[in-house]
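Contents: one structure, followed by commentary.
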Amino acid sequence: MAREPRCRLTLKDYTALEALLMRCDARNDPIAPVIHDKLSTAEILFDNDISPRLVTMNSRVAFRVDGGPLDSRILVADEASHLAGLTLPVSTQRGLAMLGHLAGESVPVRRQDGRAETLHIDDVAYQPEAAARKADAADAPARGFEPAAAPPTVINLAARRAERAAAHAMFSRPDDDDPGPSAA
(Lines give C-alpha, C1' and ligand atoms only; values in the text may rest on other atoms or scores of the structure.)
Protein backbone atom coordinates (compact mmCIF):
# COMPACT_ATOMS: atom_id res chain seq x y z
CA MET A 1 0.00 0.00 0.00
CA ALA A 2 1.27 3.48 -0.88
CA ARG A 3 2.30 5.72 1.97
CA GLU A 4 -0.03 8.67 2.66
CA PRO A 5 1.49 12.01 1.59
CA ARG A 6 2.88 14.26 4.29
CA CYS A 7 0.46 16.76 5.84
CA ARG A 8 1.46 20.43 6.08
CA LEU A 9 -0.63 22.91 8.07
CA THR A 10 -0.56 26.63 8.70
CA LEU A 11 -0.47 27.62 12.35
CA LYS A 12 -4.02 28.97 11.99
CA ASP A 13 -5.26 25.64 10.58
CA TYR A 14 -3.41 23.68 13.27
CA THR A 15 -5.05 25.81 15.97
CA ALA A 16 -8.49 25.38 14.38
CA LEU A 17 -8.00 21.60 14.35
CA GLU A 18 -6.96 21.64 18.02
CA ALA A 19 -10.20 23.46 18.89
CA LEU A 20 -12.19 21.00 16.76
CA LEU A 21 -10.47 18.08 18.50
CA MET A 22 -11.47 19.41 21.93
CA ARG A 23 -15.11 19.68 20.81
CA CYS A 24 -15.05 16.22 19.22
CA ASP A 25 -13.40 14.62 22.27
CA ALA A 26 -16.07 16.14 24.51
CA ARG A 27 -18.86 14.42 22.57
CA ASN A 28 -16.97 11.21 21.69
CA ASP A 29 -17.12 11.99 17.97
CA PRO A 30 -15.62 9.16 15.84
CA ILE A 31 -13.55 11.68 13.85
CA ALA A 32 -11.55 12.69 16.97
CA PRO A 33 -8.82 10.01 16.52
CA VAL A 34 -8.39 11.05 12.86
CA ILE A 35 -7.94 14.69 13.89
CA HIS A 36 -5.48 13.61 16.60
CA ASP A 37 -3.44 11.62 14.05
CA LYS A 38 -3.35 14.55 11.64
CA LEU A 39 -2.20 16.95 14.36
CA SER A 40 0.48 14.58 15.63
CA THR A 41 2.04 14.06 12.18
CA ALA A 42 1.55 17.50 10.62
CA GLU A 43 4.39 19.79 9.67
CA ILE A 44 3.59 23.37 10.74
CA LEU A 45 4.48 26.10 8.23
CA PHE A 46 4.32 29.88 8.24
CA ASP A 47 1.82 31.40 5.79
CA ASN A 48 4.65 32.80 3.65
CA ASP A 49 6.29 29.36 3.37
CA ILE A 50 3.36 27.37 2.01
CA SER A 51 2.81 26.45 -1.60
CA PRO A 52 -0.18 28.04 -3.35
CA ARG A 53 -1.11 24.45 -4.27
CA LEU A 54 -1.62 23.47 -0.59
CA VAL A 55 -5.17 23.00 0.70
CA THR A 56 -5.78 25.31 3.67
CA MET A 57 -8.95 26.47 5.40
CA ASN A 58 -11.13 28.58 3.10
CA SER A 59 -9.38 27.23 -0.01
CA ARG A 60 -11.45 26.41 -3.10
CA VAL A 61 -10.50 22.85 -4.01
CA ALA A 62 -11.27 20.73 -7.08
CA PHE A 63 -11.17 17.01 -6.27
CA ARG A 64 -12.39 13.55 -7.28
CA VAL A 65 -13.54 10.66 -5.12
CA ASP A 66 -12.44 7.23 -6.40
CA GLY A 67 -11.84 8.62 -9.89
CA GLY A 68 -15.40 9.93 -10.15
CA PRO A 69 -16.57 13.28 -11.51
CA LEU A 70 -14.74 16.47 -10.60
CA ASP A 71 -16.23 18.33 -7.64
CA SER A 72 -15.29 21.76 -6.29
CA ARG A 73 -15.84 22.99 -2.73
CA ILE A 74 -14.59 25.61 -0.31
CA LEU A 75 -13.05 23.99 2.77
CA VAL A 76 -14.60 25.60 5.87
CA ALA A 77 -13.79 25.33 9.56
CA ASP A 78 -17.13 24.25 10.93
CA GLU A 79 -20.65 23.05 10.26
CA ALA A 80 -22.08 26.52 10.95
CA SER A 81 -20.36 27.83 7.80
CA HIS A 82 -21.54 24.89 5.69
CA LEU A 83 -23.58 25.62 2.56
CA ALA A 84 -24.68 22.43 0.81
CA GLY A 85 -23.01 21.99 -2.58
CA LEU A 86 -20.66 24.92 -2.04
CA THR A 87 -18.61 24.17 1.08
CA LEU A 88 -17.06 21.17 2.77
CA PRO A 89 -16.52 21.32 6.55
CA VAL A 90 -13.15 20.15 7.86
CA SER A 91 -15.15 18.25 10.48
CA THR A 92 -16.07 15.69 7.78
CA GLN A 93 -13.83 12.78 6.76
CA ARG A 94 -13.24 14.20 3.27
CA GLY A 95 -12.65 17.76 4.45
CA LEU A 96 -10.20 16.63 7.10
CA ALA A 97 -8.43 14.32 4.64
CA MET A 98 -7.71 17.02 2.06
CA LEU A 99 -6.60 19.70 4.55
CA GLY A 100 -2.82 20.10 4.44
CA HIS A 101 -2.26 18.25 1.15
CA LEU A 102 -1.09 19.49 -2.23
CA ALA A 103 -2.88 19.56 -5.56
CA GLY A 104 -1.92 16.39 -7.40
CA GLU A 105 -1.84 14.24 -4.26
CA SER A 106 -4.22 11.40 -3.48
CA VAL A 107 -5.17 10.66 0.11
CA PRO A 108 -7.04 7.70 1.58
CA VAL A 109 -10.28 8.40 3.41
CA ARG A 110 -11.94 6.01 5.86
CA ARG A 111 -15.66 6.67 5.74
CA GLN A 112 -17.81 6.41 8.85
CA ASP A 113 -19.38 3.23 7.49
CA GLY A 114 -15.88 1.68 7.41
CA ARG A 115 -15.41 1.71 3.64
CA ALA A 116 -12.25 3.19 2.18
CA GLU A 117 -12.13 5.69 -0.66
CA THR A 118 -9.39 7.67 -2.35
CA LEU A 119 -9.62 11.41 -2.62
CA HIS A 120 -7.56 12.95 -5.44
CA ILE A 121 -6.91 16.70 -5.17
CA ASP A 122 -6.90 18.03 -8.73
CA ASP A 123 -6.45 21.74 -8.09
CA VAL A 124 -6.43 24.48 -5.48
CA ALA A 125 -8.21 27.23 -7.40
CA TYR A 126 -8.05 29.72 -4.54
CA GLN A 127 -6.02 29.80 -1.36
CA PRO A 128 -6.37 32.75 1.04
CA GLU A 129 -2.68 32.81 2.00
CA ALA A 130 -1.56 32.89 -1.66
CA ALA A 131 -4.12 35.60 -2.41
CA ALA A 132 -2.78 37.68 0.49
CA ARG A 133 0.80 37.29 -0.78
CA LYS A 134 -0.29 38.30 -4.28
CA ALA A 135 -2.03 41.41 -2.91
CA ASP A 136 1.08 42.30 -0.88
CA ALA A 137 3.28 41.82 -3.96
CA ALA A 138 0.99 44.08 -6.01
CA ASP A 139 1.30 46.77 -3.34
CA ALA A 140 5.09 46.41 -3.03
CA PRO A 141 6.02 48.58 -6.05
CA ALA A 142 3.81 51.34 -4.73
CA ARG A 143 5.48 51.10 -1.34
CA GLY A 144 8.96 50.99 -2.92
CA PHE A 145 8.42 54.15 -4.94
CA GLU A 146 6.76 56.34 -2.38
CA PRO A 147 7.21 60.05 -2.96
CA ALA A 148 10.04 61.64 -1.07
CA ALA A 149 9.20 62.48 2.49
CA ALA A 150 7.83 65.97 3.03
CA PRO A 151 10.43 68.44 4.20
CA PRO A 152 10.61 68.67 7.96
CA THR A 153 8.23 71.14 9.53
CA VAL A 154 10.01 74.12 11.00
CA ILE A 155 8.38 75.45 14.12
CA ASN A 156 8.85 79.17 14.61
CA LEU A 157 9.20 79.73 18.33
CA ALA A 158 9.71 83.49 18.02
CA ALA A 159 5.95 84.16 18.05
CA ARG A 160 5.47 81.94 21.10
CA ARG A 161 8.34 83.67 22.90
CA ALA A 162 6.76 87.07 22.18
CA GLU A 163 3.41 85.85 23.59
CA ARG A 164 5.07 84.58 26.74
CA ALA A 165 7.05 87.80 27.16
CA ALA A 166 3.87 89.88 26.80
CA ALA A 167 2.05 87.73 29.37
CA HIS A 168 4.99 87.99 31.74
CA ALA A 169 5.16 91.77 31.29
CA MET A 170 1.48 92.09 32.17
CA PHE A 171 1.99 90.47 35.57
CA SER A 172 5.41 91.84 36.44
CA ARG A 173 6.21 95.09 38.21
CA PRO A 174 8.82 97.36 36.64
CA ASP A 175 10.73 97.80 39.93
CA ASP A 176 10.80 94.02 40.66
CA ASP A 177 14.04 92.33 39.57
CA ASP A 178 12.92 88.87 40.77
CA PRO A 179 11.86 86.71 37.80
CA GLY A 180 9.79 84.39 39.99
CA PRO A 181 6.15 84.68 41.02
CA SER A 182 5.15 87.31 43.50
CA ALA A 183 4.58 86.25 47.09
CA ALA A 184 1.26 88.05 47.40
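The values are calculated or read from the model by the stated rules, or taken from the named source; none is laboratory data. Keep in mind that this is a model prediction, so the values were computed, not measured. When we count neighbours, we look across all protein chains shown, and the Cβ atoms used for this are built from the backbone with ideal geometry, even at glycine.
Tabulated values for the structure
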quantity	calculated
Filter result for Thr41 (without any contact (Cβ under 8 Å) to a residue 12 or more places away in the chain and surrounded by fewer than 17 Cβ atoms within 10 Å (Cβ to Cβ))	no
Those residues of region 1-18 which are in a helix (DSSP H, G or I), of a type outside the set (A, V, I, L, M, F, W, C) and free of Cβ contacts under 8 Å to residues at least 60 places away in the same chain, in sequence order	Lys12, Tyr14, Thr15, Glu18
Test: Leu88 is within 23 Å of Leu21 (Cα to Cα) and aliphatic (A, V, I, L, M)	yes
Unique match (being in contact (Cβ under 8 Å) with a residue 40 or more places away in the chain, under 16 Å from Cys7 (Cβ atoms) and over 25 Å from the mean Cα position of the chain (by Cα)) among Leu119, Leu70, Leu54	Leu119
Of the criteria (1) surrounded by fewer than 19 Cβ atoms within 10 Å (Cβ to Cβ); (2) part of a loop (DSSP other than H, G, I, E, B), which one Ser91 fails	(1)
Among (1) within 18 Å of Ala125 (Cβ to Cβ); (2) in contact with a helix residue (DSSP H, G or I) (Cβ under 6 Å, 6 or more places away or on another chain); (3) not in a strand (DSSP E or B), the one test that Leu21 misses	(1)
Pairs with Cβ under 7 Å, 6+ apart, first in region 24-36 and touching a residue at least 60 places away in the same chain (Cβ under 8 Å), second buried (at least 17 other Cβ atoms within 10 Å of the Cβ) and among the polar types (S, T, N, Q)	Ile31/Ser91
All positions within region 73-108 that are acidic (Asp, Glu), closer than 22 Å to Leu11 by Cβ and free of Cβ contacts under 8 Å to residues at least 60 places away in the same chain	Asp78
Matching residues, region 1-31, being within 18 Å of Arg111 (Cβ to Cβ) and under 24 Å from the mean Cα position of the chain (by Cα)	Cys24
Any hit, region 62-79, residues being surrounded by 10 or more Cβ atoms within 10 Å (Cβ to Cβ), modelled with pLDDT of 90 or more, touching a helix residue (DSSP H, G or I) at 6+ places or on another chain (Cβ under 9 Å) and polar (S, T, N, Q)	no
